[in-house]
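Read the structure below first, then the notes.
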Amino acid sequence: MYAVKAGDTRNMRRTKEDAQNTKEEILNAAVEIFAAKGVAKTTLDEIACKASVTRGAIYWHFKNKTEIFDALHERLHRPLVDMIMQDMEKDHPEPLQQLQDLCIKLLLDLQNNPQKKQALTLFLTKCDYSGDLAPYQEKHRAQKSESMKLFSRYFERAKKKHILPADSDPELLALSINCFLKGIAVEYLWNPESFHRDDRGVRLIRLFFKNMWHAAAEGA
């Protein structure tokens, strides 16, 4: 067998890193244009030009425009799942406080991450899953359902620790926080300045959980 030289290993690693960087550049370019124009009105040539790559480079990573769209959803969804899974490894004494901290972290990430902001603009305000995007609707709905189940685990833990009443419905509470966060995200995307001015988004999240704690105390 032939021995692999150290220089060959470094070159292989660099080539792999270059390919991943190119893929990220394509996704960053695509989400910016998709968020501004929508998927249907965007061409691969526009994405290639924005990313400073050839169409061939795009086809090396993606079969078509809708596959780029799906990859953007995965890039938005997977870090959230990983973050919650990692958070769940901690036996936090106050699961509701833990969830509040996570929600605030997600909001601040939205405010400070341009690609995250563009992705949420796309999926919350510019996507109707019609035409070529229709096949992805059920897949993305299933991924959302996965996130909802993970959120419900915080409320399940709060029940076990007797922070929430025994008759609390973790799935319904998870739905409520999902709707609340989605509403904040949409309002932020429409009028970000109003949220930056006095940390309004963070205050809204704290108010939501404050009311939940009061309701739990009254029901205990």
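For the range 163-198, filtered to residues that are within 21 Å of the chain's Cα centre (by Cα) and farther than 24 Å from residue 145 by Cα, the residue that is surrounded by the most Cβ atoms within 10 Å (Cβ to Cβ) is 195. Scanning the range 22-59 for residues that are in contact (Cβ under 8 Å) with a residue 24 or more places away in the chain, among the hydrophobic types (A, V, I, L, M, F, W, C) and surrounded by fewer than 17 Cβ atoms within 10 Å (Cβ to Cβ) yields a single hit, 40.
In the range 203-214, the residues that are within 15 Å of residue 101 (Cβ to Cβ) reach residues that are hydrophobic (A, V, I, L, M, F, W, C) and not in a helix (DSSP H, G or I) with C-beta atoms within less than 9 angstrom, at least six apart or across chains, in these pairs: 212/164; 213/163. Checked against (1) outside any loop (DSSP other than H, G, I, E, B); (2) over 18 Å from residue 157 (Cα atoms); (3) touching a residue at least 24 places away in the same chain (Cβ under 8 Å), residue 105 passes all but condition (3). Can you confirm whether residue 139 is of a type in the set (Lys, Arg), assigned to a helix (DSSP H, G or I) and surrounded by fewer than 16 Cβ atoms within 10 Å (Cβ to Cβ)? Here the answer is yes, as residue 139 does meet what is asked. Looking across the range 34-92, the residues that are among the polar types (S, T, N, Q) and more than 22 Å from residue 19 (Cβ to Cβ) come down to 42, 43, 86.
Computed from the coordinates by the stated procedures, all read-outs in this text should not be read as laboratory data. Note that the coordinates shown come from a computational prediction; the quantities given were computed from them, not determined experimentally. Please note: Cβ atoms are built from the backbone with ideal geometry, for glycine as well, and neighbour counts cover all protein chains shown.
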